[in-house]
Amino acid sequence: ELKGIVFVIQSQSNTFHSKRAEDLKRDILKQAVDLGKELPTVLLIHQINRHEGAWTILPLMTDFSVNYGRNTSWIFFCEEDTRIKVVKLLETLGRFDKSKEWFLGKALYDEESTIIHHYAFAENPTVFKFPDFAAGWALSIPLVNKLAKKLKSEPLKSDFTIDLKHEVALYIWQKGEGLHLTPVPEFCTDDVNSYKADDCATTFSNFLPLCGEPVNKEDVFVAVKTCRKFHGDRIPVVKQTWEREAALIEYYSDYADTSIPTIDLGIPNTDRGHCGKTFAILERFLNHTSPRTPWLVVVDDDTLISISRLQKLLSCYDPNEPVFLGERYGYGLGTGGYSYITGGGGMVFSRTAVQKLLASKCRCYSMDAPDDMVLGMCFSGLGIPITHSPLFHQARPMDYPKDYLSHQIPVSFHKHWNIDPVKVYFTWLAPNTEESHNGKKVGYNREDL
């Protein structure tokens, strides 16, 4: 029965994202009405306010067990852009015995061990499967109850959340004593218009959102963090690749080099974090750029980014809101903690967010503190939400499953380790390497980069 499913949408409080999640909720409920079924429960993660770490799912297991442990069968998780065919979903879940423990999803796996998963399963990373959240994934209530019980006796460790889908699967696997993911072919990430979608209970069609005209190049100020030792090898890559896409760009260093040119902010380079440098960049943006420039992007000198795609993405956000956008990580979210935007994939700020931050007097506890984490703490204290986009990437294309990247038009990647960064840029990010024609994605052959 449909009332036996609790739908949980990975929503966010930013206006653009919460509207999309509400639209999906309405669609699920409308399908239920059209079927003449009793309405299911549909929850939006961002409205479960008691948990700063609600988006990491595991802290919610106790609530799910208490509230739904007796009279429902499944908790079904999805993203705001997952499309669900309710009849097909009921049919698919009906194949599984709801009195048993099940962890269902579309399986992803690492083709080689990767830093984002702490080089897990290094001998053969393909053996460990984890769910692609875009396709939706499900836990049976007996498994939810078991996880809730485990969490009571063993609280979550207060460390980092980096790749949630992998970490949830690892927790459920419990070092081999728990459950593996059961792959479900009806959980799909094909476009809803694809011929393959007929057999799917879920589809996923949002490659790169566009909410009107892309924002103008002149509305995006790009700040590149560098230092003298990288002027010779990293900056030429930026100049060969994405610099030409940026109308407003400055390079900030510990040394003024007129050939680039770089600006010396008077802050010495540090080997650890760059908090002092980043806050100096924020001050400069507020005080030395046109107040009519609504967006600031801060990137590392080894970040590869598509400014033209970012212009499209930013059309969906209101710069009058305090927006802090990028790839979301978490720290200590099992016990409170905070979320932050990881710096390497690029950090995007609305001018409003920068104004609120600098007015707050929240600052670095040391010059070499990790800038992205301090920013996360500051915005958390101000009640300004972190806005996550999976299109920003802290690592290289080869660090992600191919199937995961196949339903994205990425905005950024990071790091030059063991790759040709120029080739990566022109394969993955350059204008016209991948476009959406009539709503259908056209892919080009990508080498294993």
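The values are calculated or read from the model by the stated rules, or taken from the named source; none is laboratory data. As the structure is a computational prediction, the values presented were derived from the model and not from experiment. Note that each Cβ is placed from the backbone with ideal geometry, even for glycine, and that neighbours are counted across all protein chains shown. Note: accessible area is taken over every heavy atom of the protein model, side chains too, but ligands, DNA and RNA are not part of it. Shrake-Rupley method; radii C 1.70, N 1.55, O 1.52, S 1.80 Å.
Only residues that are assigned to a helix (DSSP H, G or I) and free of Cβ contacts under 8 Å to residues at least 40 places away in the same chain were counted in the range 31-41, giving 2.
Within the range 314-359, the set of residues being aliphatic (A, V, I, L, M) and touching a Ser or Thr at 6+ places or on another chain (Cβ under 7 Å) comprises 323, 325, 333.
Of everything in the range 8-22 that is in contact with an Asp or Glu (Cβ under 8 Å, 6 or more places away or on another chain) and in a helix (DSSP H, G or I), the residue that is most open to solvent (accessible area, probe 1.4 Å) is 15. Taking into account only those residues within the range 192-206 that are assigned to a loop (DSSP other than H, G, I, E, B) and within 20 Å of the chain's Cα centre (by Cα), which is farthest from residue 410 (Cα to Cα)? Once the filter is applied, the top-ranked residue is 205.
Taken over the range 235-278, the criterion of being in contact with a helix residue (DSSP H, G or I) (Cβ under 7 Å, 6 or more places away or on another chain), open to solvent by 40 Å² or more (accessible area, probe 1.4 Å) and part of a strand (DSSP E or B) is satisfied by 248, 249. Per the listing 45, 5, 84, 28, the residue uniquely open to solvent by less than 20 Å² (accessible area, probe 1.4 Å), within 26 Å of residue 327 (Cα to Cα) and touching a residue at least 40 places away in the same chain (Cβ under 8 Å) is 84. In this structure, is residue 263 over 30 Å from residue 210 (Cβ atoms) and in contact with a strand residue (DSSP E or B) (Cβ under 9 Å, 6 or more places away or on another chain)? The answer is yes for residue 263. A Cβ distance below 6 Å, combined with a sequence gap of six or more or placement on separate chains, defines the contacts here; from the range 161-174, residues that are within 18 Å of residue 78 (Cβ to Cβ) reach residues that are open to solvent by 40 Å² or more (accessible area, probe 1.4 Å) and of a type outside the set (Val, Ile, Thr) in the pairs 172/179.
Being over 30 Å from residue 115 (Cβ atoms) and in contact with a helix residue (DSSP H, G or I) (Cβ under 7 Å, 6 or more places away or on another chain) holds for only one residue in 201, 197, 223, and it is 201.
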